[in-house]
Every structure is written in structure tokens, then in C-alpha cells.
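Undergrad: Here it is: the structure, laid out below.
The values are calculated or read from the model by the stated rules, or taken from the named source; none is laboratory data. None of the values given here were measured: they were computed from a predicted structure. With ideal geometry, Cβ positions are generated from the backbone for all residues, glycine too; neighbour counts draw on all protein chains shown.
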Amino acid sequence: MTAVSDRQKLAYVNSQAADGRVNLEFETQEGMTLNMGPQHPATHGTLRIIVKLDGESVIAAEPVMGYMHRGYEKLTEVRTYPQVTTLVNRIDWLGSFANEVPFILAAEKLMEVEAPPRAQWIRTILFELSRIANISLFVGDMALHIGAMTAAFYAFRDREFVLNQIEAVTGGRFHPNFDRIGGLKDDLPKGWIADTKAAMEKIRDFCDEMDDLVTGNEIFQARTRGVGVIPADVAQQFGLSGANLRSSGVDWDLRRDQPVGLAWDQADWKVWTHPDGDSFARFWVRIQEVRESTKIVDQLLDGLPAGPIMAKVPRIIKVPEGEAWVATENPLGEMGYYVVSKGDLGPFRVKIRTASFNNVSVVPWVCRGVYVPDVVTILASLYFILGDIDR
Amino acid sequence: MGLVESGKLPKPLTSLLNTSRKYSIWIFQWGLACCAIEMGAALGSPRYDVMRLGVIPLPASPRQADLVCFSGTVTDKMVPAIRRLYDQMPDPKYVISMGSCANCGGPYWDSYSVTKGVDQVVPVDVYVPGCPPRPEALLEGIVLLQQRIGKEDMVERWKGEPLVVS
Ligand code: SF4
């Protein structure tokens, strides 16, 4: 059990009081119901939240999901293995490449092939690039929800540098569909390493700029500090993962704690945590994560091993019977695939564990007792993606 | 606008009105899925900058918008909301369907929960293909729509007759 800070203790007391109020309000049927969404800018797409209000403060909030349910798990049953990557790309659409990796790893585990080291390293690099593309948009988006337009424009501007690099390798700005069972589709293009290093430099500048513009901003701090506190034990009970969990003070990162064969252990980097568990902590942890990712990319580019990028796999891929579970630390948190194979061209059943589903499940808990404008900042700081919730 | 109602709008006036209409579009961005990010890049990023085309993003409500861009997967659960928002927009209104999903279902063509095309619910003026379309593709779609608005006969539109596509 991790140490509990004063702020977390305070939040616990507040939540107990809020619990009492909720019961009272539901019994007396007072208050007003407000509907946010399904088309609301703060919901990153199509989440709908029904909020019950007493004046300005929220007494209960309930997320309604399913507006983006596209039936992935059923669709994977009628696709072949190479086709599934096309689908799973689109689960968390901001960090697409990261979605392919655990699925491919699970299939490789069943087939007992292993990608050559160079492929593993490039996978890790692209994984981190998609993390940067994902989280840099979050940084701008969070500021946008507090009311600062500028940061969002900056985020869109600097994110393009990363997307350019991803596009140069994979051919797609996002949705690369580049991972193959046994390796990667292509090798890196000429001059890519130098370009990527330049892009990482720009991203580090972007982080500094955002620190100046947003993190240190007094209004931003007033709106986020002490708002939406999730204590560590609650975060664990709700199954939060990723930066949301780390910002509650739990030091847990699958990249370090559960190696899956990718090259993270070859680089020197740090897992950041924050003791407070409030909206500000979630923002801060994510900015640090972008910085760490740029470091990982730089180091891996320096030590990139030579060799083939594809292992020997049959032309028509048939995965032998068996079951496999692989989870990785995606930009939003833990994402895992449980693949059941019956020896066919396609999987028999795939269970997808995505981070955002658990991350929004804490919304009813954390939104009790806050003010209406804080609902927006809390939602923004929890950072979910609708495709990742509904699948 | 009495001239439009009576059906006697002189030609020069028509083209004047059309020119001003086509360079003052308010676009309501209905971001549904992945394509919304590319739409965001087209509308909100300095690199693509849609405002130079005379298109203003981010209206406060659909009641102020002239153009709605459906970008992403339309699910059956979302359809009533889409229709309702479309009905709230004032005429003349235009629709851009962005991405394979909004056009025809895209990669989810055999999914049980996805509507195979937003054109089953609302009439679409411009389809932008791609999965996702690049921001440039969306900009081209907007330019095509502007050309179309420039050629429009407002009297015909007022009568509610089907548009002549040219
Ligand atoms: S067309 Fe492709 S990119 Fe666009 S919403 Fe559909 S799956 Fe996503």
C-alpha cells in the first residue's frame, strides 16, 4: 500500500460526506438533471454523462456509453490474423500503433515465433512515438477545457512533427497497420533516424513551452489542484491504469514491471508518479511521460541493432490451438488481448481489455460533490478515448 | 428575401448572395471517431488552417451552423441524436460526410452496431473518402462544396426541389 497524502485524506473525508448527501438527495427527489453529450466537446467524442445537480454542485454523475460501440470483439471472429490489426488500430485512435503490438505479440506467443531484435526495437520506437502523438494532444486538450485556446493550437502544431515521422515509416499518419506477425512490414527509410531526433528535440521544446504556458499558470492550478482527487486505494479498486493510476501515487508501469520482449529495458528512463491524485497531478504526470518517451526514443535510435526485420513465418498464417494473454502499457493505460485460437486463419475469440473503460468507471465516484465546471476538467484530466471505452 | 420567395431573384443578385454565402460558412464539427482528430487537425491546427477558406469552426450550437461535418463511425445508438441535431440547423444547410465510416460503414461494414453510412439518416452533399482522410482531403471537400454553393439557384432551393448536381 502506498503512502496516503494529506490531500488524499481530505478527499476521503469529502467523499464520505458526499455519499451521505447523495442518499439524502435521491430520497427526497430534489435537484435538477443535466445532460452532457453525447455531442459535447469535453467528452472527446460521444460519451454522454447524466449529472444530477443541487444548485451548482453535482450530487451524482452517471456516464452512458455505447455510442461508439463498433463490435470489435465480434468482428475479430470473422477476420484473419493480418486483418485484425487493421481493426484494432482504431480502438485508441490517437495511439494506433500501440494497439497493434499486444495483439501481434499474443499471436506470436501462440505461434512461438519471435521477431528479430531490430524489429523489436523499431516496434518500441514506434510505440513511444504513438504515445507522444497521443499525449501531446491531451496536453493541448486539457488546457482547452480550462479555457485556454492557444495551447491546443500549439499541440496540434507540434504533434504534426511526430505524425510525419510515423508516416515516413508506415505510410499512415495514424492507423499505420504496420506490425506483422514475426516482425514489421518494412525497414526504416533513409535519413529517418536524424529526422526523428530533430522531432524529439521539438517535442521536448513543446513540453517546456507547455510548462511555461499551462502548468505554471495560476488559473490552471486553481482549476485543477485539489479537484477530482482519486486516492490510491480507490484508483486500484476501480482498476485504473496508466497515468491515472501513477498520478495517485501508485508506482506501476507495465513497461517496466511486465516485460513482453520489447526493448524498454534497454533504455534508461524513469516512471513518474505524483502523490496528489488530483487533476493537476494527472496532467503533470503525462507531461513527464512525454519527456521520458522522447528520451527512450533517442536512446533506442542510438543503439538500433542491425539485421533482418522479419522472422521466418509461413505465407498463410495459421495460428495453432491455444490461448494467450498479452498486455502492454499503452498511452491510456493497460491494454491487453486475450486471444483464443482453434487453429484457424482467424482467432476464435478475442477479449480486449482497454484502459479507458475502467478510467471512466471512476467518474461517478469522483464527480460527487464537485461543481459543474469541474466535471469538465475532471473528464479532461482522466483522458479517455471513446473508441477505447466502447470498442 | 421576399424576392426569393416570389421566385423572381435577378441573376446578379443570386451570384452576389451565393458568393457571400460560400465564404462565410460556419462549420459544426460533429466528431464521432478517429476521423474527428483529422478534422481537428484541419480545423484547429496552424498547418492546415481552414479559416483561410472563409470557413469558421466552432459555432456554439448547431442552430448557428450552415455546414455540419460528420466525421467518424455512426452507430445505431447515435442515429437519433444525429437526426435531431440536423433538424435543428437552419436552412440552407449542407452536410459533409468524412471518412469511410460515415460514407458507407468503412472497416465495420459487417458490424452489428454500425450504421452503414450517415446518408441513411441525413442527405449528404460531399463525401470525403479515406480512412482517415488527410486534412487536405477535408479541405478539398470544403472547396468542392463552396463551388457548389456558388452555382446554386436559391429559388429552386426555396421551393424544396432537388438540387441539380453539377
Ligand atoms: S473512416 Fe477510418 S479513421 Fe475514420 S472513423 Fe472510420 S475507422 Fe476511423
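Undergrad: Considering only residues that are among the hydroxyl-bearing types (Ser, Thr, Tyr) and more than 24 Å from the chain's Cα centre (by Cα), look in the range A:41-80 and name the one that is farthest from the other protein chains (Cβ to nearest Cβ).
TA: Result: A:Ser57.
Undergrad: Right, next: So for the range A:158-173 (the condition being at pLDDT 85 or above, within 16 Å of the ligand (Cβ to nearest atom) and among the acidic types (Asp, Glu)), does at least one residue qualify?
TA: yes
Undergrad: Further question on the same structure: So, A:Asp179, is that one surrounded by 21 or more Cβ atoms within 10 Å (Cβ to Cβ) and modelled with pLDDT under 90 or not?
TA: yes
Undergrad: Taking the residues in the range B:33-46 that are of a type outside the set (A, V, I, L, M) and away from the ligand (no atom under 13 Å from the Cβ) as candidates, determine which candidate is farthest from B:Arg63 (Cα to Cα).
TA: Ranking the qualifying residues of the range B:33-46, first place goes to B:Pro46.
Undergrad: In the range A:282-305, how many are more than 18 Å from A:Thr196 (Cα to Cα) and not charged (D, E, K, R)?
TA: Of the residues in that region, 5 qualify.
Yes/no matrix, rows are residues, columns are (1) closer than 16 Å to A:Tyr383 by Cα; (2) at the interface with chain B (Cβ under 10 Å from one of its Cβ atoms):
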| site | (1), (2) |
| --- | --- |
| A:Leu137 | yes, yes |
| A:Met149 | no, yes |
| A:Ala168 | no, no |
| A:Asp179 | no, no |
| A:Gly182 | no, no |
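Undergrad: Right, here's the next one. Condition (residue is more than 14 Å from chain B (Cβ to nearest Cβ), under 17 Å from the mean Cα position of the chain (by Cα) and over 30 Å from A:Ala324 (Cα atoms)) applied to the range A:233-240: is it met by at least one residue?
TA: Checked against the condition, which is being more than 14 Å from chain B (Cβ to nearest Cβ), under 17 Å from the mean Cα position of the chain (by Cα) and over 30 Å from A:Ala324 (Cα atoms), the range A:233-240 yields no hits at all.
Undergrad: So A:Phe174 ticks every box in (1) touching a Cys at 6+ places or on another chain (Cβ under 8 Å); (2) farther than 27 Å from A:Gln83 by Cα but one. Which box is left unticked?
TA: Here A:Phe174 clears every test but (2).
Undergrad: Mind listing just one residue for me: the one in the range B:1-32 that is within 16 Å of the ligand (Cβ to nearest atom) and either part of a helix (DSSP H, G or I) or of a type outside the set (A, V, I, L, M, F, W, C) (or both) and, of those, farthest from the other protein chains (Cβ to nearest Cβ)?
TA: B:Gln29
Undergrad: Next question, about the same structure. I'd like to know if the range A:260-276 contains one or more residues that are among the acidic types (Asp, Glu) and farther than 22 Å from A:His145 by Cα.
TA: Looking through the range A:260-276, at least one residue is among the acidic types (Asp, Glu) and farther than 22 Å from A:His145 by Cα.
Undergrad: Which residues, taken from the range A:225-248, are under 17 Å from A:Glu289 (Cβ atoms) and polar (S, T, N, Q)?
TA: Once the filter is applied, which keeps residues that are under 17 Å from A:Glu289 (Cβ atoms) and polar (S, T, N, Q), the range A:225-248 yields A:Ser241, A:Asn244, A:Ser247, A:Ser248.
Undergrad: While we're here: Please state which one of A:Lys190, A:Lys202 is away from the ligand (no atom under 16 Å from the Cβ), of a type outside the set (Gly, Ala, Ser), modelled with pLDDT of 85 or more and touching a helix residue (DSSP H, G or I) at 6+ places or on another chain (Cβ under 6 Å).
TA: Unique residue meeting the criteria: A:Lys202.
Undergrad: For A:Val113, indicate whether it is within 14 Å of chain B (Cβ to nearest Cβ) and out of contact with any Cys (no Cβ under 9 Å at 6 or more places or on another chain).
TA: no
Undergrad: Which condition does A:Ile296 not pass, out of (1) within 29 Å of A:Tyr371 (Cβ to Cβ); (2) at pLDDT 85 or above, if it passes all the others?
TA: Looking at each condition in turn, A:Ile296 falls short on (1).
Undergrad: So is A:Val260 β-branched (Val, Ile, Thr), closer than 30 Å to A:Asp141 by Cβ and surrounded by fewer than 22 Cβ atoms within 10 Å (Cβ to Cβ) or not?
TA: yes
Undergrad: Let me ask you something else. If I go through the range B:33-60 residue by residue, how many of them are more than 19 Å from A:His145 (Cβ to Cβ), of a type in the set (A, V, I, L, M, F, W, C) and at the interface with chain A (Cβ under 9 Å from one of its Cβ atoms)?
TA: Going through the range B:33-60 one residue at a time, the tally reaches 3.
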